[in-house]
């Protein structure tokens, strides 16, 4: 029987509190980890979109009529010296003829350089280009 003068917690109460605390901290740590992974994915996806837009703008501004087929290249973005550090990207541009003879479709896909060949692109951009002149 317990004395009315006794103060403090029993061992069982302390153990239950520690279990509740451990479960809560586990959920917080998992949530923070998921946030970090999601943030990194969104950063990479944004950079890949910028690479695709830069490559497309270069083709459209050049004024050259692109030949039908596939072109590949690599680019470093953002440029070295930036706060986030440079990363290398691989891009693939597919040029196809449309039913209109003076119009071609350009599709650019961007991948991280270290990505496998059968992986999904982080960014895809399509545009149409009319024959210059």
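The values are calculated or read from the model by the stated rules, or taken from the named source; none is laboratory data. Computed from a prediction, not measured in an experiment: that's the story for all the values here. Cβ atoms come from the backbone with ideal geometry, glycine included; neighbour counts cover every protein chain shown.
For the reader, a short list of remarks on this structure follows.
- Segment 38-63, residues that are more than 16 Å from residue 87 (Cα to Cα) and at pLDDT below 90: 63
Residue by residue, here is whether (1) in contact (Cβ under 8 Å) with a residue 12 or more places away in the chain; (2) within 20 Å of the chain's Cα centre (by Cα) holds:
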position: 30; (1), (2): no, no
position: 34; (1), (2): no, yes
position: 37; (1), (2): no, yes
position: 50; (1), (2): yes, yes
position: 53; (1), (2): yes, yes
position: 57; (1), (2): no, no
position: 61; (1), (2): no, no
position: 70; (1), (2): yes, no
position: 73; (1), (2): yes, yes
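- Selection of segment 117-127 for residues being more than 15 Å from the chain's Cα centre (by Cα) and modelled with pLDDT under 95 yields 117, 118.
- Qualifying residue in segment 11-32 (condition: at pLDDT below 90, under 27 Å from residue 115 (Cβ atoms) and either touching a strand residue (DSSP E or B) at 6+ places or on another chain (Cβ under 8 Å) or not in a strand (DSSP E or B) (or both)): yes
Let's see how each residue does on (1) touching a strand residue (DSSP E or B) at 6+ places or on another chain (Cβ under 8 Å); (2) surrounded by fewer than 16 Cβ atoms within 10 Å (Cβ to Cβ); (3) at pLDDT below 95; (4) farther than 11 Å from residue 106 by Cα:
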residue: 69; (1), (2), (3), (4): yes, yes, no, no
residue: 74; (1), (2), (3), (4): yes, yes, yes, yes
residue: 78; (1), (2), (3), (4): no, yes, yes, yes
residue: 84; (1), (2), (3), (4): no, yes, yes, yes
residue: 87; (1), (2), (3), (4): yes, no, yes, yes
residue: 93; (1), (2), (3), (4): yes, no, no, no
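- Hey, residue 132 at pLDDT 95 or above, more than 19 Å from the chain's Cα centre (by Cα) and more than 30 Å from residue 40 (Cβ to Cβ) or not: no
- Count of residues meeting criterion [in a helix (DSSP H, G or I) and over 21 Å from residue 122 (Cβ atoms)] in segment 56-80: 3
- Any hit, segment 116-126, residues being in contact (Cβ under 8 Å) with a residue 24 or more places away in the chain, in a loop (DSSP other than H, G, I, E, B) and surrounded by fewer than 14 Cβ atoms within 10 Å (Cβ to Cβ): no
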